[in-house]
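The values are calculated or read from the model by the stated rules, or taken from the named source; none is laboratory data. Since the model is a prediction, treat every value here as computed from it, not as a measurement. Backbone-built Cβ (ideal geometry, glycine too); neighbour counts: all protein chains shown. Ligands, DNA and RNA are stripped out before the accessible areas are found, and what is left, the full protein with its side chains, is counted by its heavy atoms. Shrake-Rupley method; radii C 1.70, N 1.55, O 1.52, S 1.80 Å.
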Amino acid sequence: MCAYLGFTIWVYTIGTEGHDGNHTLSASASRGKLVFQRNNCQACHQVYGLGGFMGPDLTNSIEKSEAYVKAMIEYGSDRMPKFDLSAQEISDVTEYLSYVNQTGHSPLKNFRLTPYGTVKVLRSDTAN
Amino acid sequence: MLLGVISAFQFLYPDKLLVRIPFQQIRPMHVTLVISWILVAAAGGIYYYLPGISSRRVSGMLPSVHFALFLLTGLMIPVAYLLGKFSGREYLEFPALLIAPIFLGWILFAIHFFRNAPLHGNMPVYLWQWMTGAIFILITLTEAYLWLIPFFRDNVVRDITVQWKSYGAIIGSWNMFVYGTAMFIMCRISGNDKVARTPMAYFLYFVGLTNLMFNWGHHTYIVPAAEWIKHIAYIVSMTELVILGWIIWNWKGTLTTAQKTLHFMPYRLLLASEIWIFLNLILALLISIPALNVYTHGTHVTVAHAMGATIGINTMILLGSVAFILFEKQSNRFGRSARSVNAGVILSNLSLAVFWICLIVAGVRKGIITYRSPEVPYRAILDHIAPPLFIFSVAGVVMFVGFTLVVVPMLRTFMLKEPAPSALPGDEPVLDPAGPQAAQ
């Protein structure tokens with residue numbers, strides 16, 4: 001139990017501190033994350049491969065372009081409903097996805113497999 | 001089950017289906033109901049079994065309050081989904097406030113358990129498992145809501161890592177309830193607690209506990225958290241090879257027991273779960289290897305593992321528990337419906353096999369296309385995996401029929417006021433009426 005407690009505290013702090021590339025979540029991105037959750041976007045989309053599969057992984061979706069992401073949120077598609085979000089909410093969600101994009105890649109791009117069955121991510125695939 | 005079938009067809013034909021409830025509302029309803037089934041059936045079974053093994057006079061007050069809380073939240077959660085109210089956290093999509101009565105219910109469960117269970121150093125392993133589940137469900141539910149604190153919420157790497165740390169352990173907690181129940185039923189079928197007091201039983205429990213606490217990182221291999229989290233998860237996940245090895249080593253013993261006890265419906269369901277434990281363990285071990293996980297993560301292979309476990313393992317064991325309780329209470333073998341139950345068990349397992357294989361095929365295809373041809377649009381990937389997913393959806397319909405054939409007679413038997421005569425002569429349970437206490 002002590003090992004579990006120590007491990008837990010380490011995960012909460014050192015294990016995850018700075019691993020988002022020290023990118024700060026702006027107030028807009030923070031609001032955007034809550035909009036993302038309130039509309040249950042993860043039911044259909046993934047971040048870091050975690051979530052539903054109706055739509056694509058959104059971790060690096062902003063790389064398509066901010067305008068594309070905003071248009072998808074505003075107008076939907078045959079697989080995605082049109083959400084009645086305000087311009088501010090759409091902007092906030094976009095800001096949140098921009099932040100996520102800076103933390104890493106999903107799926108992984110530049111990596112190699114080791115003989116031990118592990119994966120080594122190569123430098124160019126880490127945070128921008 | 002019905003919502004699962006609807007979700008499957010909605011996924012394939014999102015603009016064609018007549019059901020107007022959007023996927024992002026139906027999916028969480030299906031997920032919440034699945035988790036509810038597992039937890040309510042497991043807790044209900046433990047509440048039922050405790051008075052038979054406790055040295056105290058067990059009051060039903062706390063279980064009744066727990067049930068009332070679950071019933072209330074069970075009604076409020078679907079309403080919240082239909083109204084479009086979400087917290088948006090996977091597996092716990094309902095508004096965060098609704099975790100309060102659920103958490104309270106599990107506190108009551110823990111109080112009731114610790115008050116009444118005969119806990120001592122030499123207790124059978126199922127009591128260790130139930131006790132572990134009772135403690136860790138509280139710890140992990142708390143952890144699952146740390147996202148409410150900005151320190152966790154405002155760092156996506158920390159948020160996702162801690163989220164899946166808690167989810168891995170929530171699943172581990174309910175597995176402790178479920179596997180403990182399976183062990184308890186096997187003890188009752190065999191007439192003594194010997195199988196739950198062997199060194200191997202305690203060792204396997206320890207392996208399970210270690211995995212509950214430390215293997216969750218295999219869900220987040222590609223999340224850029226510290227490398228040692230992933231190394232620990234990899235090493236700990238591979239300890240489940242011991243369990244796989246033990247199942248293989250004991251296959252002859254399993255076969256001998258099966259030959260003696262297969263006519264007994266609860267055992268038949270437990271045997272089905274053993275087969276699914278074997279298959280899912282192989283799959284889980286494979287996808288816990290980071291070098292394979294990188295290709296299967298975010299694909300339907302993960303879904304195959306999740307559904308193979310929740311349906312093939314958890315549901316089979318819990319239906320076995322329900323059948324066992326019904327046999328004790330009603331002294332019948334489902335009357336004239338016994339054949340329908342038998343057919344349902346076979347049909348649901350065969351269709352689950354097709355279901356599972358199709359998900360793996362779809363996932364492997366998606367993984368290959370994603371890495372070999374990253375320029376392929378997501379829509380095109382979905383078109384490529386549509387054929388196995390169509391077969392998966394049809395298998396889901398058949399599985400729904402199979403489980404209906406099992407569950408409806410169970411419900412009917414539960415409602416019977418007096419025991420009905422057995423429809424199948426010679427179909428007697430091989431129970432020691434004195435139960436496992438006779439061995440103590």
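Descriptive notes on the structure:
- Here the helices (runs of 4 or more DSSP H) wholly within segment A:1-120 that include at least 2 residues being farther than 22 Å from B:A233 by Cα and either open to solvent by 10 Å² or more (accessible area, probe 1.4 Å) or charged (D, E, K, R) (or both) are A:27-38, A:66-75, A:87-103.
- Note on segment B:198-238: among residues that are without any contact (Cβ under 8 Å) to a residue 24 or more places away in the chain, farther than 16 Å from B:R158 by Cβ and within 11 Å of chain A (Cβ to nearest Cβ), the one that is nearest to the chain's Cα centre (by Cα) is B:F214.
- Restricting attention to segment B:198-233, the residues that are of a type in the set (F, W, Y) and surrounded by fewer than 19 Cβ atoms within 10 Å (Cβ to Cβ) total 4.
- Of B:N192, B:N175, all but one fail to be more than 14 Å from chain A (Cβ to nearest Cβ), open to solvent by 10 Å² or more (accessible area, probe 1.4 Å) and modelled with pLDDT of 95 or more; the exception is B:N175.
- Taken together, A:V69, A:V100, A:V121, A:V47 contain a single residue that is more than 9 Å from every other protein chain (Cβ to nearest Cβ) and either closer than 20 Å to A:H23 by Cβ or modelled with pLDDT of 90 or more (or both), which is A:V69.
- All positions within segment B:104-129 that are among the aromatic types (F, W, Y) and touching a Ser or Thr at 6+ places or on another chain (Cβ under 8 Å): B:Y126
- Conditions (1) surrounded by fewer than 22 Cβ atoms within 10 Å (Cβ to Cβ); (2) modelled with pLDDT under 95; (3) among the polar types (S, T, N, Q): number failed by B:T142: (2)
- From the options B:I26, B:I46, residue that is touching a residue at least 40 places away in the same chain (Cβ under 8 Å) and open to solvent by less than 30 Å² (accessible area, probe 1.4 Å): B:I46
- Restricted to segment B:7-17, and to residues there that are more than 10 Å from every other protein chain (Cβ to nearest Cβ) and open to solvent by less than 40 Å² (accessible area, probe 1.4 Å), the residue that is modelled with the lowest pLDDT is B:L12.
- Residue within segment B:20-34 that is more than 14 Å from every other protein chain (Cβ to nearest Cβ), under 18 Å from the mean Cα position of the chain (by Cα) and in a helix (DSSP H, G or I) present: yes
- Where a residue in segment B:277-306 is farther than 20 Å from A:L108 by Cβ and facing another protein chain (nearest Cβ under 8 Å) and its partner, wherever it lies, is in a helix (DSSP H, G or I) and basic (K, R), with Cβ under 7 Å and at least six apart: none
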